[in-house]
Amino acid sequence: MSHPPVQLGTFPTPVEPAPRLAAALGLGPDDLWVKRDDLTGLGGGGNKTRKLEWLAGAALAEGADTLVTTGGPQSNHARLTAAAAGRLGLDAVLVLRGAPGRSRSGNLALDGLLGARISWAGDVDQSGLDAAAAEVCARLRAGGARPALIPFGGSSTLGAQGYVRCGEELRAQVPGLRTAVVALGSGGTMAGLVAALGTESVLGVDVGALADPAPAVEEFAAPLTSEKVTARRLRVRRDQVGSGYAALTGPVAEALRLAARTEGIILDPTYTGRALAGLAAAVRDGDVRPGEKTVFVHTGGLPGLFGHADAVAYAEEGAVTHDL
Ligand SMILES: *Cc1c(COP(=O)(O)O)cnc(C)c1O
């Protein structure tokens with residue numbers, strides 16, 4: 001943590017009121033705010049930019065010339081790592097799960113535009129993906145390059161420091177904040193928010209990227225706060241995973257339409273759509289109540305919508321042709 005972060009994004013991001021969405025969810029018109037971390041600037045925007053400021057800062061300090069990271073084919077983190085590398089004059093190698101040629105839209109198209117090299121790891125689990133990345137780093141080193149391996153999702157205690165800053169922005173922007181709702185994938189985003197705001201004030205909606213993300217949040221957050229953070233004390237909802245990370249569930253589809261039609265805000269089917277579906281469920285079961293200040297943290301992901309065939313088909317269904 002001794003390395004200074006580099007500047008990659010535009011901060012603080014705005015906070016906007018969402019009165020029509022609030023009413024649709026059963027909250028009061030002044031209860032709900034959206035933290036626009038989809039508007040972080042770099043490479044199409046999204047939450048990974050805050051983490052990458054720290055992770056790329058450390059890589060630069062170590063003299064790296066290549067950023068290597070892992071993810072699924074539609075990884076927003078991989079896309080933003082490629083963008084960060086370009087901004088800093090470094091190469092990027094993305095070690096992605098799956099095989100080439102299935103789909104080249106969404107984040108993959110942007111990876112190409114950003115000039116990243118992609119190494120396909122096949123249908124492997126997380127440890128297989130990590131092993132493939134270690135192998136790629138070894139080969140790069142043998143070729144004379146100086147690779148820095150950025151962790152899955154940019155999540156580590158170092159990367160989570162970017163979200164401590166987001167939590168500090170929120171404290172200043174939304175006095176009296178009761179709950180910040182955020183998608184929970186690899187855990188670094190929630191970890192930083194928990195360190196800044198406290199476990200009681202952050203509701204993570206598990207998207208199903210890890211078998212159980214709560215221990216990861218505990219691990220990343222613990223060194224960043226004097227509060228005793230334990231996995232058991234975290235507010236985590238696990239009711240939006242559905243049949244898996246890549247599936248478009250009914251509640252998520254509904255959430256995508258709701259945000260778009262009430263506030264003109266576009267969510268993605270993997271992360272932010274699940275986070276809003278989780279918030280809707282939290283209002284229904286009383287975990288989030290009217291009269292309390294709630295912030296929905298929009299973590300980005302728009303390119304992933306265009307890389308998700310079911311979500312695109314669902315979005316298109318909403319367009320009805322009228323002869324006016
Ligand atoms: C990665 C990601 C998240 C989850 O963040 P983690 O720190 O991995 O938990 C949420 N939303 C979007 C759009 C993401 O790309």
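The values are calculated or read from the model by the stated rules, or taken from the named source; none is laboratory data. Keep in mind that what you see is a predicted model, and the values were worked out from it rather than measured. Here Cβ is always computed from backbone atoms with ideal geometry, including for glycine, and neighbour counts include all displayed protein chains. Remember, those area values only see protein heavy atoms, side chains included, never the ligands or the DNA or RNA. Shrake-Rupley method; radii C 1.70, N 1.55, O 1.52, S 1.80 Å.
Observations, loosely collected:
- Meets criteria (open to solvent by less than 40 Å² (accessible area, probe 1.4 Å), in a loop (DSSP other than H, G, I, E, B) and not assigned by TED's automatic domain parsing to the domain that holds residue 75) for residue 208: yes
- The number of residues in segment 136-159 being closer than 18 Å to residue 75 by Cβ and out of contact with any Ser or Thr (no Cβ under 6 Å at 6 or more places or on another chain) comes to 7.
- Unmet criterion (only one of (1) more than 16 Å from the ligand (Cβ to nearest atom); (2) surrounded by fewer than 24 Cβ atoms within 10 Å (Cβ to Cβ)) for residue 92: (2)
- Criterion (within 8 Å of the ligand (Cβ to nearest atom) and either under 25 Å from residue 281 (Cα atoms) or surrounded by fewer than 24 Cβ atoms within 10 Å (Cβ to Cβ) (or both)) met by exactly one of 186, 155: 186
- Residue that is nearest to the ligand (Cβ to nearest atom), among those in segment 264-302 that are part of a helix (DSSP H, G or I) and crowded, with 23+ Cβ neighbours inside 10 Å: 272
- The residue of segment 6-43 that is farthest from residue 59 (Cα to Cα), among those that are open to solvent by 60 Å² or more (accessible area, probe 1.4 Å) and either assigned to a loop (DSSP other than H, G, I, E, B) or touching a Cys at 6+ places or on another chain (Cβ under 6 Å) (or both), is 29.
- Here segment 171-183 is the region considered, the condition is being aliphatic (A, V, I, L, M), away from the ligand (no atom under 14 Å from the Cβ) and under 21 Å from residue 280 (Cα atoms), and the residue that is surrounded by the most Cβ atoms within 10 Å (Cβ to Cβ) is 177.
- Qualifying residue in segment 232-247 (condition: away from the ligand (no atom under 15 Å from the Cβ), within 23 Å of residue 38 (Cα to Cα) and at pLDDT below 95): yes
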